[in-house]
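Notes for the one structure printed next.
The values are calculated or read from the model by the stated rules, or taken from the named source; none is laboratory data. Nothing here was measured: the structure is a model prediction, and the numbers come from that model. No Cβ is skipped: glycine too gets one built from the backbone with ideal geometry, and neighbour counts run over all protein chains shown. The area values use the complete protein model at the heavy-atom level, side chains included, leaving out ligands, DNA and RNA. Shrake-Rupley method; radii C 1.70, N 1.55, O 1.52, S 1.80 Å.
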Amino acid sequence: CVLCGRTDDCPEKYGEKRTYVEYNLTVHYYCLLMSSGIWQRGEEDEGVDGFLITDIRKEINRAAKLKCNICKKKGASIGCVAPKCKRSYHFPCGIQRECIFQFMEDFRSYCWEHRPVQKFTDKEPRGASQCTICLDLVEHLPVYTVLKSPCCKNAWFHRECLQYQALSAGIFFFRCTVCNNKDKFQKEMLRMGIHIPERDASWELEENAYQDLLHCYQHCDVKRCLCKRGRDYNEPDSKWEIKRCQYCGSRGTHLACSSMKSWEQNWECMECRSIFAKSGKYSKRKKRALATSEKTNGTTCLLEEPPPKSPRQSSGSPRNFLLQSPKIMCQNLSPCSHLELPASNRVAMSLSPVMSNRNWSLTPKHLREQRREVCNILKELKVQVKTKTTRLNINAENIWNSALKGFRQRNFSPTNTIEVNFSNCKNRSKTNTSAASKHHFFQLLMLHLQNSSLFEGFSGKNLSLDFQAVKENLYFEAGKMIAVSLVHGGPSPGFFSKTLFDCLVYGPENVKPALEDVADVDVAQTIQTIKYANSLSSLQSTLQDCCEFLAAAGCLRPVTALCDKNTLVNDILIYHVIKRITLPLESFRQGLKTLGVLEKMQMHPDAFCSILCHKPERLSAETICDLFTIHSSSDVNKVEGADFWMGYLQDVESGESGVTLEDILLFVTGSCYIPSIGFDPEPAIKFLRIRYPIGKRLLNCLELPITKTYKQFKNKMELTIRNTLRAERE
């Protein structure tokens with residue numbers, strides 16, 4: 001190493017040792033990172049992780065004049081930051097002498113005399129306890145090799161164990177092994193010199209590490225299997241398709257082997273039936289054994305016919321929460337493509353009148369004020385976005401999977417400027433990477449998310465429970481996409497329910513859901529029946545009929561008075577709407593933290609509610625007129641043709657034109673909607689002596705011709721806008 005002079009290759013102690021042949025340079029990463037006279041002045045792909053080669057040469061020359069206070073050799077590039085302390089040392093020497101190196105902020109270093117220490121009170125228990133990482137004993141002593149947890153009184157660790165744990169877990173998973181605290185624990189460990197790399201956990205980076213979890217049970221377990229091709233044969237959309245137990249998912253049967261007429265019927269294995277029967281929570285069902293004379297394909301079926309069940313419910317319903325039907329997945333798509341199914345397809349029944357959305361409407365004037373406030377907040381967040389670009393190759397026919405692939409690519413960063421390149425189904429790229437492509441991409445993505453199986457409901461949507469999506473971390477990706485869309489100029493989602501929004505902003509423990517938050521029609525009708533029971537006997541009868549559902553919700557209890565129904569209804573709602581989706585909600589919240597969006601939501605809830613819970617305001621002539629600024633050296637009202645422009649907008653709004661207000665906006669800006677963050681630069685109009693109008697999308701500028709009559713102006717506008725947009729669509 002050109003800085004410390006050692007040949008040791010120990011990434012855990014000194015960081016990765018890298019050799020750059022073209023620069024004739026070998027360096028330990030930590031030696032470079034902690035050197036006192038060098039800063040990261042380049043981008044991360046320049047030089048050595050952003051450290052320019054010329055700067056490294058200068059630092060080598062500077063260090064060559066300094067003697068190490070530990071080994072007495074030249075080349076000591078690291079100095080103690082304590083005032084008036086002039087000690088210098090090599091990084092490996094500092095480790096040996098128990099110096100502290102802080103891998104955060106401006107990467108400070110402290111010598112053995114001035115290093116930070118943890119405070120020990122007289123009440124601290126002396127003796128020894130078990131290190132919760134290596135399980136060996138660790139003595140409770142204020143020494144360099146021992147660290148105390150800042151969040152747990154009796155948690156002690158070996159420094160070496162913590163460092164190995166941090167390198168393995170990374171910044172996203174490194175936390176207290178006792179109480180799972182992350183923020184307080186990481187802050188203290190960074191102060192005490194533990195290096196926490198900004199990368200994903202090692203087990204997350206291992207290729208195909210979770211492949212076994214994606215295995216779907218495919219085996220017929222009935223006493224006598226009727227399939228001639230064997231118990232493992234599975235043919236979708238036929239009587240030889242394997243159906244798994246709706247409770248455990250670890251037993252299966254061919255549809256024909258259990259006399260099931262369709263996939264929609266639920267099936268339980270014998271083990272689960274017996275467990276429920278012994279617990280008393282399994283309702284008695286009529287069972288009918290097939291007579292010996294009844295044959296299927298000439299063979300006696302020795303398994304009882306499964307009892308009739310209620311119609312199949314939406315994913316996440318307590319009665320089939322362990323299964324997702326492969327029937328609903330679109331064919332020829334990747335494993336993630338089950339999100340392509342609109343949520344509306346998962347419930348075939350019509351909406352009950354009791355499930356109409358709650359009214360939290362605001363006046364249009366108040367909504368506009370709130371949205372202006374959001375616009376300013378998002379512009380503050382956009383300051384984080386750099387000029388460095390990331391290109392996303394998007395297939396509009398498979399928007400979700402291509403977006404997911406783009407967001408998960410290694411070089412994607414939410415702080416990079418996003419460029420979108422659309423490709424057709426033959427994978428031949430179109431040469432359109434303008435702002436119009438980005439606007440169109442975010443519009444398609446938000447529309448897909450609204451109709452995906454990650455959400456359930458009708459107008460105001462809540463999160464659904466999709467175990468496959470939880471396993472694939474799709475709720476996190478959805479939250480991340482919404483946050484990125486808001487800051488990068490996408491449309492406002494506008495489909496969150498007030499309950500979902502309040503859970504995100506105030507925490508689920510502070511939210512009281514209502515009946516209209518229940519998307520599953522069967523569950524909603526069950527709750528409604530309990531809520532409006534008019535006698536104790538009818539209430540108890542209702543509870544007896546749905547005891548299986550109540551048991552799954554953890555709400556099965558004796559009811560001795562009619563007034564108990566109110567508490568019961570509240571508990572069912574809290575379980576079904578909130579507790580049931582705890583995992584998806586937390587993952588979704590983490591995704592929304594991208595670029596600081598969730599933090600701003602919690603600081604300005606009313607403002608963000610206007611774009612997340614309310615649909616965007618429909619474009620009007622007044623909105624478009626206010627959006628554009630007419631540039632002229634003279635008074636706006638005196639500009640020749642300005643009256644024609646305002647009159648034309650009114651004709652378009654009233655339907656007396658062949659174009660729409662959205663077409664006009666698309667012609668000028670490349671977007672058919674007004675982004676929550678607004679346009680940058682702000683849309684402008686210039687009246688010039690030109691033949692036809694020109695839309696300059698890079699500048700969001702509309703250049704209009706000066707005409708003698710309104711009819712000429714209107715004809716030119718119609719002809720240009722329609723032909724331009726038609727050519728783009730073709």
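Quick notes on this structure:
- Qualifying residues in the range 369-387 (those that are open to solvent by less than 90 Å² (accessible area, probe 1.4 Å) and at pLDDT below 90) - the one nearest to SER485 (Cα to Cα): ARG371
- Every condition in (1) in a loop (DSSP other than H, G, I, E, B); (2) surrounded by fewer than 15 Cβ atoms within 10 Å (Cβ to Cβ) is met by GLU599 except one, and the failing one is (1).
- Evaluated against (1) open to solvent by less than 60 Å² (accessible area, probe 1.4 Å); (2) at pLDDT 85 or above; (3) more than 30 Å from ASP502 (Cβ to Cβ), SER632 falls short on exactly one condition, (2).
- In the range 700-715, the residue that is surrounded by the fewest Cβ atoms within 10 Å (Cβ to Cβ) out of those that are in contact with a strand residue (DSSP E or B) (Cβ under 8 Å, 6 or more places away or on another chain) and touching a residue at least 40 places away in the same chain (Cβ under 8 Å) is ILE706.
- Subset of the range 51-66 that is closer than 18 Å to THR19 by Cβ and outside any helix (DSSP H, G or I) - its residue that is least open to solvent (accessible area, probe 1.4 Å): PHE51
- Residue within the range 436-451 that is touching a residue at least 24 places away in the same chain (Cβ under 8 Å), out of contact with any strand residue (DSSP E or B) (no Cβ under 6 Å at 6 or more places or on another chain) and not in a helix (DSSP H, G or I) present: no
- Of all residues in the range 671-699, those that are in contact (Cβ under 8 Å) with a residue 40 or more places away in the chain, touching a strand residue (DSSP E or B) at 6+ places or on another chain (Cβ under 8 Å) and among the basic types (Lys, Arg) total 1.
- Within the range 191-214, one or more residues are over 25 Å from the mean Cα position of the chain (by Cα), open to solvent by less than 20 Å² (accessible area, probe 1.4 Å) and on the phi > 0 side of the Ramachandran plot.
- Test: residue in the range 653-665 that is modelled with pLDDT of 90 or more, closer than 28 Å to HIS488 by Cβ and buried (at least 20 other Cβ atoms within 10 Å of the Cβ): yes
- The range 388-401 - residue that is at pLDDT 90 or above and part of a helix (DSSP H, G or I) and, of those, surrounded by the most Cβ atoms within 10 Å (Cβ to Cβ): TRP400
- If you filter the range 100-113 down to residues that are touching a strand residue (DSSP E or B) at 6+ places or on another chain (Cβ under 9 Å) and in a loop (DSSP other than H, G, I, E, B), you find that the one that is most open to solvent (accessible area, probe 1.4 Å) is ARG108.
- The set of residues in the range 160-182 that are without any contact (Cβ under 8 Å) to a residue 24 or more places away in the chain and either touching a Leu at 6+ places or on another chain (Cβ under 6 Å) or not in a loop (DSSP other than H, G, I, E, B) (or both) contains only GLU160.
- Scanning the range 402-460 for residues that are modelled with pLDDT under 90 and among the aromatic types (Phe, Trp, Tyr) gives PHE422, PHE458.
- Taking the range 70-99 as the range and being open to solvent by 60 Å² or more (accessible area, probe 1.4 Å) and over 27 Å from LEU141 (Cα atoms) as the test, the residues that pass are LYS72, LYS73, LYS74, PRO83, LYS84, LYS86.
- Filtered residue count, the range 507-533, keeping only those that are free of Cβ contacts under 8 Å to residues at least 60 places away in the same chain and part of a helix (DSSP H, G or I): 7
- Only a single item in (1) in contact with a Lys or Arg (Cβ under 9 Å, 6 or more places away or on another chain); (2) open to solvent by 10 Å² or more (accessible area, probe 1.4 Å); (3) closer than 29 Å to GLU477 by Cα is not met by GLY554, and it is number (3).
- All conditions but one from (1) part of a helix (DSSP H, G or I); (2) open to solvent by 20 Å² or more (accessible area, probe 1.4 Å); (3) among the charged types (D, E, K, R) apply to ARG410; the one that does not is (1).
- Matching entry among GLU728, GLU718 (being at pLDDT 90 or above, of a type outside the set (Phe, Trp, Tyr) and either open to solvent by less than 70 Å² (accessible area, probe 1.4 Å) or within 15 Å of LEU665 (Cβ to Cβ) (or both)): GLU718
- In the range 20-27, the count of residues that are part of a loop (DSSP other than H, G, I, E, B), surrounded by fewer than 15 Cβ atoms within 10 Å (Cβ to Cβ) and touching a residue at least 24 places away in the same chain (Cβ under 8 Å) is zero.
- In the range 127-150, the residue that is modelled with the highest pLDDT out of those that are polar (S, T, N, Q) and open to solvent by 40 Å² or more (accessible area, probe 1.4 Å) is THR145.
- Meets criteria (in the same structural domain as ILE578 (by the TED database), over 14 Å from the mean Cα position of the chain (by Cα) and of a type in the set (S, T, N, Q)) for ASN473: no
- Scanning the range 553-573 for residues that are in a helix (DSSP H, G or I) and out of contact with any helix residue (DSSP H, G or I) (no Cβ under 9 Å at 6 or more places or on another chain) yields a count of 3.
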